[in-house]
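The values are calculated or read from the model by the stated rules, or taken from the named source; none is laboratory data. All values derive from a computational prediction rather than experimental measurement. Cβ placement follows ideal geometry from the backbone for every residue including glycine, while neighbour counts extend to all protein chains displayed. The area values use the complete protein model at the heavy-atom level, side chains included, leaving out ligands, DNA and RNA. Shrake-Rupley method; radii C 1.70, N 1.55, O 1.52, S 1.80 Å.
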Amino acid sequence: MTDHTSRLAVYPGSFDPLTNGHVDIIERGAKLFDLIVVAILVNADKAPLFTPEERLATARDVFSDQLNVEVDTFDGLLVDYAERRQADVIVRGLRAISDFEYELQMALMNRRLKSDIETVFMMPAEPYTHVSSRLVKEVFSLGGSVDGLVPDPVEVQLRAKHSRPGFRVSGDTLR
Ligand code: PNS
């Protein structure tokens, strides 16, 4: 646990891909905490559209000017990662009531695992309450515009992936 003169928060997620909703939460978090670490889950069980390395590189590009935003990857238990980083807060975004049940379960499980790490929920700006990585991938893969929904480097990355022969967003990838 850090001393209370320096607050470090971890903002974990799949970020497959990073959306402007995530960026909104990160920017809000950066105002509240001395350092916010965007922690990208490396999950061998899922088949993501972007590799962890691709997600890491893009997110680092997006936040290159923001000194108190760090981007990292992690595997294993989130609370173990948070403890290693000496973070006392986990930040999660809450878009709508539909997020609540899953988020409540995770927050309470994480508290059970490590009671001194607090989960803090933040609401994104209204235009992002309907934005999810899953829908961005679906809309983009079907030829719809994702303008304004993702940072520019992510849109570039989506186009590059899309132009590859054999590109297909599978059900698994959409999750
Ligand atoms: O953006 P996501 O996919 O909703 O993020 C989910 C994430 C990464 C926060 C969650 O799956 C997680 O923390 N995974 C790490 C493993 C872990 O700690 N599981 C127990 C959580 S209660």
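Quick check on A57: is it under 15 Å from the mean Cα position of the chain (by Cα) and surrounded by fewer than 21 Cβ atoms within 10 Å (Cβ to Cβ)? The answer is yes for A57. Considering only residues of the stretch 110-127 that are over 20 Å from R28 (Cα atoms) and surrounded by fewer than 12 Cβ atoms within 10 Å (Cβ to Cβ), which is farthest from the ligand (Cβ to nearest atom)? Among them, the one singled out is D116. Taken together, the residues in the stretch 22-47 that are at pLDDT 95 or above and open to solvent by 10 Å² or more (accessible area, probe 1.4 Å) amount to 13. Scanning the stretch 96-109 for residues that are open to solvent by 40 Å² or more (accessible area, probe 1.4 Å) and part of a helix (DSSP H, G or I) yields I97, S98, F100, E101, Y102, L104, Q105, M106, L108, M109. Among the residues making up the stretch 73-94, those that are more than 21 Å from H22 (Cβ to Cβ) and out of contact with any helix residue (DSSP H, G or I) (no Cβ under 9 Å at 6 or more places or on another chain) are G76, E83, R84, Q86. Within the set A57, A47, the sole residue that is within 16 Å of the ligand (Cβ to nearest atom) and among the aliphatic types (A, V, I, L, M) turns out to be A47.
Condition check ((1) modelled with pLDDT of 95 or more; (2) open to solvent by 20 Å² or more (accessible area, probe 1.4 Å)) across all residues:
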site: M1; (1), (2): no, yes
site: H4; (1), (2): no, yes
site: V71; (1), (2): yes, no
site: A82; (1), (2): yes, no
site: Q86; (1), (2): yes, yes
site: L94; (1), (2): yes, yes
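For the stretch 35-52, the condition of being at negative phi, hydroxyl-bearing (S, T, Y) and either in contact with a helix residue (DSSP H, G or I) (Cβ under 9 Å, 6 or more places away or on another chain) or in a strand (DSSP E or B) (or both) holds for none of the residues.
Within the stretch 41-65, the residues that satisfy the criterion of being of a type in the set (D, E, K, R) and in contact (Cβ under 8 Å) with a residue 60 or more places away in the chain are K46, E54, D61. Candidates are the residues of the stretch 6-21 that are part of a loop (DSSP other than H, G, I, E, B) and touching a helix residue (DSSP H, G or I) at 6+ places or on another chain (Cβ under 9 Å); the one that is most open to solvent (accessible area, probe 1.4 Å) is R7.
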